[in-house]
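Structure first, commentary second.
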Amino acid sequence: MRVYKFGGASISDASGVINLAEIVKTQFFFTGILVISAMGKTTNALEEIVSEYCGGRDYVPGLEKIKQNHLSVAGELFPENKNGMRRISRFFEELKEFLAEEHKNRDYNFLYDQVVSVGERVSSSMVSIYLEEEGYKNKWLDVRNFIKTDSTYREGVVDWSRTEEEIKKLAGDTLYVTQGFLGSDKNDFTVTLGREGSDYTAAIFSSVLNAKEATIWKDVPGVMTGDPKKFSDPEVLPYISYEEALEMAYYGASVIHEKTLQPLKQKNIPLYVKSFSEPEKQGTKISDSDKSKKKTMYILKENQILLRLKTRDFSFVTEESINTLFSVLAREKMRVHLMQSSAISFVVCIEDKYGNIENTINILEKIFSVEVIKSVSLLTVRDGATKDVGNLFPGGRVLLEQVFRDVRQIVYRNFV
């Protein structure tokens, strides 16, 4: 059993789906699990639909545009398959019917998951239909019937017992096409698994089915020493250990999410990261064996927020006040990437994934004196010389710097 995951960039148009089918053919992937993300920027577009809907604006033109984009791609892939075209169209009609039922008073995160999940369901259906057209027998699965979660919308916690019970019903001699990113709660409402949730989906199936290996097909040639969109001449790492990959994820590298790695490590299932545009290349193997030499790593997290907090009565920052701070950050789903304390102040660099920063600040200002600096960047340099790296952010102002062993972290703000 093998598990393949294809991200949105790999199927952003008809040629991407055709390329996916070619990879399936050349890799002899005729049994196993294909996990599919939403096409291209569909998730972002559906997020805008949620915002328009909750804001009382006209969301229908935007939704129609998303629908027509998908029908256009489907028309290139299987123009003569009228049932297939109706199937694609039906997903959007069902979403329109759902939104017409006036859910505006429902929780935003609940609405988000019900709407945004359409992207994966449509794209995986298109892939399944096209593979059938090309002679690759497969079965489309609604992943929500297999990955069961609690009701933490947008960040679902997997119920492993129920999930294993359902996934183990799958046959080992079939090619299944399913969705990443999605699950469902005990009431059968859709629950998404958080950002990078499609990779996590692949890891869940791999773990439960004791897969031989899992492969994530991306728009990069593997795990690299830096994001090629942000750094010049990064190198591909042919081998890294689970531990090294977890360290990179902890510091904010976006290639592999930490949730993806944990179930794979527990079962010692190797994870391959390969390029969908150059599938013949080796890529990166993540496993217990680390054959690679240490390389200097550059990890850049942009659009971060720096909070400087002081006690209002000029007293020391105590364990109790720190506990209060982190309780608030956890409740508001703020991701902490760096922290530093002194006797009367505490500085923390956070990521606001869910747009909760204003509420967070309002709560903290009742306890602390708070200074907020938005739109900062966090640069982490690992396994490299900790000498001057200022050329990486010309014109920027360093706001915070921290060095621990072979890791240097710098929070800065660009003015150019």
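The values are calculated or read from the model by the stated rules, or taken from the named source; none is laboratory data. Owing to the predicted nature of the structure, the values given are computational and were not obtained by experimental measurement. Ideal geometry is used to build each Cβ from the backbone, glycine not excepted, and the neighbour counts take in all protein chains shown. Protein only, heavy atoms only, side chains kept; ligands, DNA and RNA dropped before computing areas. Shrake-Rupley method; radii C 1.70, N 1.55, O 1.52, S 1.80 Å.
Key figures for this structure:
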quantity	calculated
Restricting segment 297-321 to residues that are in contact with a Phe, Trp or Tyr (Cβ under 7 Å, 6 or more places away or on another chain) and among the β-branched types (V, I, T), the residue that is nearest to V398 (Cα to Cα)	I299
Selection within segment 219-243 - surrounded by 15 or more Cβ atoms within 10 Å (Cβ to Cβ) and closer than 25 Å to V208 by Cβ	V223, I240, S241, Y242
Residue, most open to solvent (accessible area, probe 1.4 Å), within segment 54-91, restricted to residues that are more than 28 Å from the chain's Cα centre (by Cα) and acidic (D, E)	E80
Residue satisfying condition, being closer than 24 Å to K366 by Cα, touching a strand residue (DSSP E or B) at 6+ places or on another chain (Cβ under 9 Å) and either open to solvent by less than 30 Å² (accessible area, probe 1.4 Å) or touching a residue at least 24 places away in the same chain (Cβ under 8 Å) (or both), within set K274, K285, K301, K333	K333
Number of positions in segment 177-206 that are aromatic (F, W, Y) and within 14 Å of the chain's Cα centre (by Cα)	2
Tally of residues being of a type in the set (A, V, I, L, M, F, W, C) and over 13 Å from Y136 (Cα atoms) across segment 1-32	7
Single match in A14, A38 (criterion: touching a residue at least 60 places away in the same chain (Cβ under 8 Å), small (G, A, S) and out of contact with any Gly (no Cβ under 8 Å at 6 or more places or on another chain))	A14
Filter result (farther than 21 Å from R144 by Cβ and either assigned to a strand (DSSP E or B) or touching a His at 6+ places or on another chain (Cβ under 7 Å) (or both)) within segment 192-248	E213, T215, I216, W217, K218, M224, V236, Y239, I240, S241
Filtered residues of segment 112-155 (kept if buried (at least 22 other Cβ atoms within 10 Å of the Cβ) and part of a strand (DSSP E or B))	K148, T149
So N109, is it under 18 Å from the mean Cα position of the chain (by Cα), modelled with pLDDT under 95 and surrounded by fewer than 20 Cβ atoms within 10 Å (Cβ to Cβ)	yes
Residue tally, condition among the polar types (S, T, N, Q) and without any contact (Cβ under 8 Å) to a residue 12 or more places away in the chain, over segment 161-218	1
Of all residues making up segment 164-178, the number that are surrounded by 16 or more Cβ atoms within 10 Å (Cβ to Cβ) and either at pLDDT below 95 or part of a strand (DSSP E or B) (or both)	4
Whichever residue in segment 25-41 is β-branched (V, I, T) and surrounded by fewer than 22 Cβ atoms within 10 Å (Cβ to Cβ) and, among such residues, is farthest from S277 (Cα to Cα)	T31
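Yes/no per residue for (1) touching a Gly at 6+ places or on another chain (Cβ under 7 Å); (2) at pLDDT 90 or above; (3) surrounded by 14 or more Cβ atoms within 10 Å (Cβ to Cβ):
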position	(1), (2), (3)
A343	no, no, no
I361	no, yes, yes
V381	no, yes, yes
L392	no, no, yes
G396	no, no, yes
F404	no, no, no
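Here's the yes/no breakdown for (1) under 30 Å from K281 (Cβ atoms); (2) out of contact with any His (no Cβ under 6 Å at 6 or more places or on another chain); (3) aliphatic (A, V, I, L, M):
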{"residue": "G16", "(1), (2), (3)": "yes, yes, no"}
{"residue": "L20", "(1), (2), (3)": "yes, yes, yes"}
{"residue": "I23", "(1), (2), (3)": "yes, yes, yes"}
{"residue": "T26", "(1), (2), (3)": "yes, yes, no"}
{"residue": "V50", "(1), (2), (3)": "no, yes, yes"}
{"residue": "G55", "(1), (2), (3)": "no, yes, no"}
{"residue": "K67", "(1), (2), (3)": "no, yes, no"}
{"residue": "M85", "(1), (2), (3)": "no, yes, yes"}
